[in-house]
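The values are calculated or read from the model by the stated rules, or taken from the named source; none is laboratory data. A quick note: this is a predicted structure, and the numbers were derived from the prediction, not measured. Because the Cβ atoms are built from the backbone with ideal geometry, glycine has one as well, and the counts that use them run over all protein chains shown. Note: areas computed on protein heavy atoms with side chains; ligands, DNA, RNA excluded. Shrake-Rupley method; radii C 1.70, N 1.55, O 1.52, S 1.80 Å.
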Amino acid sequence: MEQAEVKNKHSLLSPLEALKNACKSLQNNSFFITQNPQPAIEALLELHAQAGNIFSTYPNLSKLSQLLCSLKTLLQNHRTCQDYSLKSLLRRQITNYRIYQLAVAIEAEVQACIDRDCVQNLVRVSREIDSEEEKLRVLKEFEKRLSQGFDSDFQELVLKAKGFSILESLLCDSTCSKRIREQTGLCIVALVRFNRNVFVGLVLMSPIVQSLISTASACLLQVLCSLIRLIKTPLIDEIELDGEIPRILSLLSSEDLSIQAAALDCICEIAFSGRKEVIEAMIDQGLIEKLVELQRSIHGDNFVMSDQENWNENGSGVICEGSVELGAKRGCEEGQISRDRPFASCVARFAVPIEVGEGLNQRERKEFKREILRRVREASASEAEAASVVAEEYCGTDDA
């Protein structure tokens, strides 16, 4: 039964998309008198005829059928005014304009049908669908629709269907597979981006953040990173109030490199928009020391420090020719380094958002700069390592 219903949904979406594309083509060929819309109209009506059996089983497509019947009437009118008399020219131009208006109306109705189907499928995901692949398909379809931009009618459909609550329940359901929860997280980000004014408040009042962190998935941590980037200080305050900051920091010690890298991205986003109390809490919990350790690791800048001959005897940080050649290799393979060495310059990646971010005033930025420098020097294994980290961002500043 379920497989038959899924097949029907697939068969409905495909002809609707085809009709939508045909309407766009018709709009491009109907407005000017020098263009003949008849081939485009005939192609559109042919698509409707081919999908007649499918459309007849859906009562909510009756309006679309009426519009297509009106278009068929206009096509007949257009065929009766093909000579070059002034009267025919005027009638043809008026008919062309009506065809254009009708094509716009048909496209809007087709989109409304697609949107209703999209939201109805989302509701079915939470109630009826057991197939993981079908759930993923529906969620991806919903995310794709949200990514097309804001639409008040679609938003009303989502709100009436309690779409956010459906996504929240899927994300927070530990019995759902990780793939489902990850795709649900992407849908939530798309929903917030679709209209922040409506959906930010729902995110702040939900247990979504706790679920994103507890799942310990690199994808879901990137979802959290995106939400922090979109919502900024209000979400960071909620994360700090719920005691989630230590849990995010603990993920820097995960055995999964991708989770560590995603946690670092979240921390950098927090550094950009977080208030003084949040940044202070992260630093007091040993974040700088951990970042120095990660930067020293094989997934950081360890290859820069591997050759102590790069530094002169007095530790001034003068780089020799071999180090320059090594730096050139790094620049040529930036994408590969980003994947293989996600903690390269990670101390600077944390410090720079503090310096240029939105959550702190100038005095607080200077205080944190000094504190970061102090902790870097204390955590470094040598003066050369400390100088290497400091030189990335602070060597040229007055506070260094």
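Numbers at a glance
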| item | result |
| --- | --- |
| Residue that is of a type outside the set (Gly, Ala, Ser) and over 19 Å from the mean Cα position of the chain (by Cα), where the choices are Ile231, Ile267, Ile259, Ile239 | Ile239 |
| Evaluation of Asn36 against (1) surrounded by 14 or more Cβ atoms within 10 Å (Cβ to Cβ); (2) at pLDDT below 80; (3) outside any loop (DSSP other than H, G, I, E, B) (one fails), failing number | (3) |
| Any hit, segment 53-60, residues being open to solvent by 40 Å² or more (accessible area, probe 1.4 Å) and over 26 Å from Phe154 (Cα atoms) | yes |
| Matching residues, segment 224-249, being of a type in the set (Lys, Arg) and either surrounded by fewer than 19 Cβ atoms within 10 Å (Cβ to Cβ) or touching a Lys or Arg at 6+ places or on another chain (Cβ under 7 Å) (or both) | Arg229, Arg247 |
| Complete set of residues in segment 271-293 that are open to solvent by 10 Å² or more (accessible area, probe 1.4 Å) and part of a helix (DSSP H, G or I) | Phe272, Lys276, Glu277, Glu280, Ala281, Asp284, Glu289, Lys290, Glu293 |
| Single residue of segment 107-154 satisfying the filter (free of Cβ contacts under 8 Å to residues at least 40 places away in the same chain and open to solvent by less than 10 Å² (accessible area, probe 1.4 Å)) that is farthest from Phe199 (Cα to Cα) | Val138 |
| Among residues of segment 346-366, those that are of a type in the set (D, E, K, R) and surrounded by fewer than 16 Cβ atoms within 10 Å (Cβ to Cβ), counted | 4 |
| Filter result (open to solvent by 60 Å² or more (accessible area, probe 1.4 Å) and under 15 Å from Leu74 (Cβ atoms)) within segment 86-103 | Arg91, Gln93, Ile94, Tyr97, Arg98, Tyr100, Gln101 |
| Flag if Gln76 is open to solvent by 30 Å² or more (accessible area, probe 1.4 Å) and at pLDDT below 90 | yes |
| Selection count where residues are closer than 26 Å to Ala262 by Cβ and of a type in the set (D, E, K, R), scope segment 346-364 | 3 |
| Conditions (1) more than 23 Å from Ser56 (Cβ to Cβ); (2) among the charged types (D, E, K, R); (3) part of a helix (DSSP H, G or I): number failed by Asp83 | (3) |
| Selection count, segment 167-186, where residues are surrounded by fewer than 19 Cβ atoms within 10 Å (Cβ to Cβ) and either in contact (Cβ under 8 Å) with a residue 24 or more places away in the chain or part of a helix (DSSP H, G or I) (or both) | 6 |
| Qualifying residue in segment 187-196 (condition: open to solvent by 60 Å² or more (accessible area, probe 1.4 Å) and either within 26 Å of Asp242 (Cβ to Cβ) or at pLDDT 95 or above (or both)) | yes |
| Any chance Leu221 is surrounded by fewer than 16 Cβ atoms within 10 Å (Cβ to Cβ), of a type outside the set (S, T, N, Q) and within 25 Å of Arg179 (Cβ to Cβ) | no |
| Lys63 being in a helix (DSSP H, G or I), basic (Lys, Arg) and touching an Asp or Glu at 6+ places or on another chain (Cβ under 8 Å) | yes |
| Elements of type helices (runs of 4 or more DSSP H) in segment 313-400, at least 3 residues being at negative phi and at pLDDT 50 or above | 334-340, 346-356, 362-379, 383-391 |
